[in-house]
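Below: the structure, in structure tokens.
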Amino acid sequence: MSTDFDVLVVGAGIQGAGAAEALAANHYSVVIIEQLGIAAATSSRSSKLIHGGLRYLESGQFRLVYECLRERKWLLENKPELVRMVPFYIPIYQHSKRPAWLVRLGLSLYSLLSGLSNTDSYFRRVPKSQWDSLPGLNREGLKEVFRYNDAQTDDAALTRDVVASAVAQGAQIICPGSLVGAEVTGDGVRVDYVANGKLSTLRTRALINCSGPWVANTNARCSPPVALPPIDLVAGTHILLPLSLGDKIYYVEAEDGRAIFVMPWQDKTLVGTTERPYFGDPRDVTPTLEEESYLLQTVQKYFSQARGLNGEDICESYSGLRVLPEMEKSPFARSRETIICCDDNKRPRILAVAGGKLTSYRATARKLLNKLEPTLCEEPPTPPNIQPSETAKNSSERERNI
């Protein structure tokens with residue numbers, strides 16, 4: 001049985017959740033279709049940080065850092081139960097690939113982009129007399145320690161909160177449900193999907209593909225597909241260790257120079273992340289033994305408490321998938337800017353979102369709204385005299401209890 005909406009959003013990760021919330025807040029009718037569950041993939045497998053991305057300054061992504069820091073400020077003010085400031089510490093050693101002057105320069109620029117009127121943006125050098133407040137940190141060859149502030153969150157809880165906000169403002173959700181195909185017609189998009197073992201159809205004025213690592217697969221089911229640039233899937237692994245390092249987050253260098261976070265999480269210590277190309281089914285991504293060993297060895301290099309641990313002591317490990325532009329550069333150096341593509345730049349019917357940051361989901365949603373404005377401002381087609389499908393209604397009722 002058919003039903004009409006202004007926009008169908010495919011995917012209930014943070015980008016799809018943010019798009020649905022923004023559309024619902026602007027009084028558009030919106031439905032989300034999600035194949036696995038809210039925040040079931042990358043949006044529950046991140047580093048749990050709301051941050052500007054200090055390391056993105058190395059690759060010149062100043063606009064992205066500024067955008068994320070602006071969004072961090074909003075989230076701290078509006079979702080204090082989910083997002084909180086945490087002290088970050090950067091130890092500099094004789095063997096560090098980034099010298100103290102370079103780290104100081106990066107932190108100065110980070111503070112400037114944060115807004116100097118904000119005291120949380122300040123950083124400082126930790127004097128040697130206070131290094132005792134960093135228990136277990138390796139002192140051999142330690143030259144400097146810097147402290148700055150950034151924010152931490154529960155990524156899955158944040159995503160569920162945004163979906164709940166969208167539903168409270170009228171959005172509906174079909175979960176679990178799978179897109180079978182979408183075809184642009186003269187007055188909108190015809191969508192076929194499967195839910196509860198039944199094939200159904202709905203009509204919508206536009207479709208937003210926010211399916212994360214499935215973005216190319218979903219795009220291939222759309223007619224016409226949008227012109228996505230070449231993209232790669234890059235896996236990032238985290239491990240959870242039975243350690244307690246207090247309320248501090250450490251930003252350390254691995255042997256290959258990659259920046260690794262060592263942070264408190266659920267009374268344990270979360271360590272991540274890695275970056276490796278991934279070519280399989282996104283559902284099947286799992287940590288490798290090499291990644292787990294790489295992360296464990298990095299922690300052991302810096303913290304005496306970890307030196308008696310081995311792979312069997314890892315409490316949990318998980319991998320998430322980033323969508324990055326295809327380049328010869330290492331994943332560490334590639335752009336983290338959100339990629340938004342559409343079938344028609346003047347009046348888009350199908351849009352696809354590739355990549356994007358947890359921190360900047362609202363900024364991505366604003367960009368999507370701007371692109372969709374010409375389409376949604378059109379005189380809507382006359383809807384058929386039918387009721388919303390039972391699948392959509394029942395799923396909506398379930399999600400109102402989030």
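Rule-based calculations on the coordinates, nothing more; no lab input. Note that the coordinates shown come from a computational prediction; the quantities given were computed from them, not determined experimentally. FYI the Cβ positions are ideal-geometry reconstructions off the backbone, even for glycines, and counts take in every protein chain you see.
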Inset, instruction - Percent of Cα-Cα pairs per 5 Å bin, from 0 to the last occupied bin, for the stretch 231-325, please list those. - result: 3, 14, 25, 24, 18, 10, 5, 2, 0
Legend entry - Ascending count of other beta-carbon atoms within 10 Å, so fewest first, for 48, 346, 367: 346, 367, 48
Inset, instruction - Please grab the % of Cα pairs in the stretch 1-83 that end up more than 21 Å from each other. - result: 47
Inset, instruction - Work out, step by step, the length gained on full extension between residue 131 and residue 98: first 0.36 nm times the residue separation, then minus their alpha carbon distance; give nm to one decimal. - result: 9.9 nm
Legend entry - residue 313 versus residue 335: modelled label distance in nm, points set 7 Å from Cα along the beta carbon direction: 4.3
Inset, instruction - Please provide three numbers in whole Å: the alpha-carbon extents of the stretch 57-150 along the principal axes, with the largest listed first. - result: 42, 31, 20
Legend entry - For 294, 361, order by how many other beta-carbon atoms lie within 10 Å, fewest first: 294, 361
Inset, instruction - Stick to Cα atoms and the Kirkwood definition of Rh, then tell me Rg/Rh for the chain. - result: 1.00
Inset, instruction - Could you line up 214, 265, 74 from fewest to most neighbouring Cβ atoms inside 10 Å? - result: 74, 265, 214
Inset, instruction - Divide by every residue of the chain the summed helix terms, -39500 (n - 2.57) for each DSSP H run of at least 4, and state the resulting mean residue ellipticity at 222 nm, rounded to the nearest 500 deg cm²/dmol. - result: -8000 deg cm²/dmol
Inset, instruction - Could you work out how far the C-alpha centroid of the stretch 83-109 sits from that of the stretch 41-59, in angstrom? - result: 16
Inset, instruction - Work out which helices of the chain, taken as complete DSSP H runs, extend at least 30 Å along their axis over the Cα atoms and score a mean Kyte-Doolittle of 1.0 or more, then list them. - result: none
Legend entry - Rounded to 5, the percent of DSSP beta bridges in the chain classed as antiparallel: 75
Inset, instruction - Give me the distance in nm between label points sitting 7 Å out from Cα along the Cα-to-Cβ direction at residue 227 and residue 244, one decimal. - result: 5.8
